[in-house]
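Coordinate-derived values only; no laboratory data. Predicted, not measured: the structure shown is a model, and the values here were computed from it. Here the Cβ positions follow ideal geometry from the backbone for every residue, glycine too, while neighbour counts run over all protein chains shown.
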Amino acid sequence: MYKLVIEGGSRLEGEIRISGSKNASLPILMASIMADSDVILENVPGLKDIHTSLKLLTLLGCKSGYSEGSARIQAGELVPEAPYDLVRTMRASVLCLGPLLARLGRAKVALPGGCAIGSRPVDQHLRGLEQMGAGFELDSGYIVGKCKRLSGAHIIFDLPTVGGTENLLMAAALAKGETVLENAAREPEITDLAEFLNACGARISGHGTSVIRVQGVDSLEGCTYRVMSDRIEAGTYMVAAAITHGEVLLTNCPDKELDAVVAKLQEMGVVISPEPEGFRVSSNGDLQGVDVVTLPYPGFPTDMQAQIMALMCVAAGTGTIKETIFENRFLHALELNRMGARIKLSGQSAVVRGGADLVGAPVMASDLRASASLVLAGLRARGKTEVQRIYHLDRGYEVMEKKLEAVGAKISRQKEN
Ligand SMILES: CC(=O)N[C@H]1[C@@H](OP(=O)(O)OP(=O)(O)OC[C@H]2O[C@@H](n3ccc(=O)[nH]c3=O)[C@H](O)[C@@H]2O)O[C@H](CO)[C@@H](O)[C@@H]1O
Ligand SMILES: C=C(OP(=O)(O)O)C(=O)O
């Protein structure tokens, strides 16, 4: 196991290239098993979750390879089982359910269960697939699904679910007839999945709005597709620039997909200017606490909540954060307090008293974005911070320490004792 060791206090200056999006790549990799010929994906980040997905695709009967941001998938004779050992390390595995049912009429996928940030149910995925004609039973922790060819249906989600919308979108692409998904999630990663499926021959419209229409087709062909860049990685490095009073140019960056994050950081006093190559982000340290509520897109993303909390710790005044997506996504607050932050938690709300003089400490990462917030705090803190259990970070940030080191951070990856 590795930890990141950070000597805080360096001002970040230079250029950071943003990688492809994890949360777009994972469903697109799963969707690739529905194509009859080779899929080539570009701008795919070299992350642990990507390698886990490729391993899952191999178990499902596909041939796959990855090299320098490019993944190739060739679906063969499919095997309809996603084993628990893989699903428990990567929740996105549950996204093979829709594609397997659509392609094979059979699927046996381990139930992902909860994780550190919350219970993360999949009832909306299953209910929608049932409306399309699938039947499910639970067998030793596995969801076992069967169907004849799925049929189009009118599905109204109880709440906008990103994974649920993705699973249903993939299933509907190969179903018989029209499917309408209402109260669908509008996240850019869903738009990217729909664009990929359309490039394979699917007939999807309305993606990016809350009503998505899918005219099912009989088959999909492979294609070459460039995955969108990672809006959460970009937001994280925006905070890195601000928290160190630095100036960083982010390239290969998403644009309007970052609007809510850019607006909130600007409200705090971070200077963010669009340039032809991306976003230039800087701060002279004159930052103000703000009020943040996490919401489905286009609201402020839950995946940026931990990072903006780190920045609010060192801003002037008091800010508040309300987390409405996950019931237990404040684990980083307790670790930030160990570094001198002044955060009070009450249920789904946090009050962050700013002006903290952060001091380095050994801290424990509990989940992906919590880990990122501890790294950000460590970049700012006086002295040494050791962020332990960074396997969480490796799921979602490509060579984070190398990217930060290249812009002036004193950070290294070391073996834990
Ligand atoms: C809306 C939202 O911000 N979704 C985030 C969620 O996606 P992810 O796909 O993991 O989660 P969902 O979008 O499905 O969950 C949204 C909400 O719906 C609930 N729910 C979901 C499915 C279901 O069948 N039943 C149910 O009740 C969840 O408990 C949650 O409160 O985590 C990802 C990783 O952090 C983020 O990238 C997504 O932006
Ligand atoms: C929690 C996250 O991912 P996952 O849904 O893969 O756990 C995330 O991207 O912040």
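Can you tell me the dipole magnitude for the range 229-415 around its Cα centre, using point charges on the Cβ only (Lys, Arg +1; Asp, Glu -1), in Debye to the nearest 20?
Around 720 debye, computed over the range 229-415.
Going by a ≥ b ≥ c, the root eigenvalues of the Cα gyration tensor, does the range 16-113 fall in the rounded group (a/c under 1.5), the prolate group (a/b larger than b/c) or the oblate group?
Values: a/c = 2.05, a/b = 1.34, b/c = 1.53.
Cα axes put the range 16-113 in the oblate bin.
What pairs from Lys322/Lys415; Lys22/Lys55; Lys108/Lys148; Lys22/Lys264 go past 27 Å between their alpha carbons? Please report the intermediate quantities before stating the final value.
Numbers: Lys322/Lys415 36 Å; Lys22/Lys55 16 Å; Lys108/Lys148 15 Å; Lys22/Lys264 23 Å.
With Cα atoms farther than 27 Å apart: Lys322/Lys415.
Eigenvalues of the Cα gyration tensor times 5, then square-rooted: what semi-axes does that give for the chain, in whole angstrom, largest first?
Working: eigenvalues 283, 87, 82 Å².
Semi-axes, largest first: 38, 21, 20 Å.
Per residue of the chain, what 222 nm ellipticity follows from adding -39500 (n - 2.57) for every DSSP H run with n ≥ 4, rounded to the nearest 500?
Counting only the DSSP helices, I get -9500 deg cm²/dmol.
Using the crude model of +1 on Lys and Arg Cβ and -1 on Asp and Glu Cβ, and no other charge, please compute the dipole size for the chain relative to its Cα centre, in debye to 20.
On the way: 44 positive and 48 negative charges, 175 e Å.
So the magnitude is around 840 debye.
What ranking of Met90, Met1, Met132, Met170 emerges when the number of other C-beta atoms within 10 Å of each C-beta is taken as an exposure proxy, fewest first?
Working: Met90 20, Met1 9, Met132 24, Met170 32.
The order, fewest Cβ neighbours first, is Met1, Met90, Met132, Met170.
Shape call for the range 286-376 from the C-alpha gyration tensor, a ≥ b ≥ c root eigenvalues: rounded (a/c under 1.5), prolate (a/b greater than b/c) or oblate? Mind showing how you got there, number by number?
Details: a/c = 1.68, a/b = 1.20, b/c = 1.39.
Cα axes put the range 286-376 in the oblate bin.
Considering only DSSP beta bridges where both residues belong to the range 71-230, give the percentage that are antiparallel (nearest 5). List each step's numbers first, then the result.
On the way: 19 of 26 bridges.
Close to 75 percent.
Which values of log₁₀ I(q)/I(0), to two decimal places, follow from the Debye formula for the range 26-226 at q = 0.09, 0.16 Å⁻¹ with a uniform point scatterer at every Cα?
Normalising to I(0) and taking log10 leaves -0.28, -0.97.
Go through Ile390, Gly355, Ile411 and say which Cα lies farthest out towards the positive end of the charge dipole of the range 328-417; charges sit on Cβ, +1 for Lys and Arg, -1 for Asp and Glu.
Gly355
What order, most packed first, do the peptides 256-262, 189-195, 77-83 have when packing is the mean number of other Cβ atoms within 10 Å of each residue?
On the way: 256-262: 19.1, 189-195: 24.3, 77-83: 16.9.
Descending mean neighbour count gives 189-195, 256-262, 77-83.
Dividing the alpha-carbon radius of gyration of the range 229-415 by 2.2 N^0.38 Å (N being the number of residues), what value is obtained? Don't skip to the end; give the middle numbers.
On the way: Rg = 14.8 Å, N = 187, 2.2 N^0.38 = 16.1 Å.
Rg over 2.2 N^0.38 Å, computed on Cα atoms: 0.92.
If I take R0 = 56 Å and measure r between the Cβ atoms of Ser412 and Ser37 in this structure, what FRET efficiency does the formula 1/(1 + (r/R0)^6) give, to the nearest 0.05? Mind dumping the intermediate values first?
Numbers: r = 44 Å, r/R0 = 0.79.
After rounding, the FRET efficiency stands at 0.80.
Give the distance, in whole Å, between the Cα centre of the range 131-193 and the Cα centre of the range 17-46.
Centre-to-centre (Cα) distance: 19 Å.
With a bin width of 5 angstrom, please list the P(r) values of the range 125-239 as percents of all Cα-Cα pairs, from the 0 bin to the one holding the largest distance.
Histogramming the range 125-239 at 5 Å steps yields 2, 12, 20, 21, 18, 13, 8, 4, 2, 0 percent.
DSSP beta bridges in the chain, what fraction antiparallel, as a percent rounded to 5?
70 percent
Choose one of Leu95, Tyr84, Ala194: the residue whose Cα lies farthest towards the positive end of the charge dipole of the range 26-226 (beta-carbon charges +1 Lys, Arg; -1 Asp, Glu; about the Cα centre).
Final value for the positive-end residue is Tyr84.
Once you charge only the Cβ atoms, +1 for Lys and Arg and -1 for Asp and Glu, what is the size of the charge dipole of the range 26-226 about its Cα centre, to the nearest 20 debye?
Working: 19 positive and 22 negative charges, 57 e Å.
Taking the Cα centre of the range 26-226 as origin, the dipole is about 280 debye.
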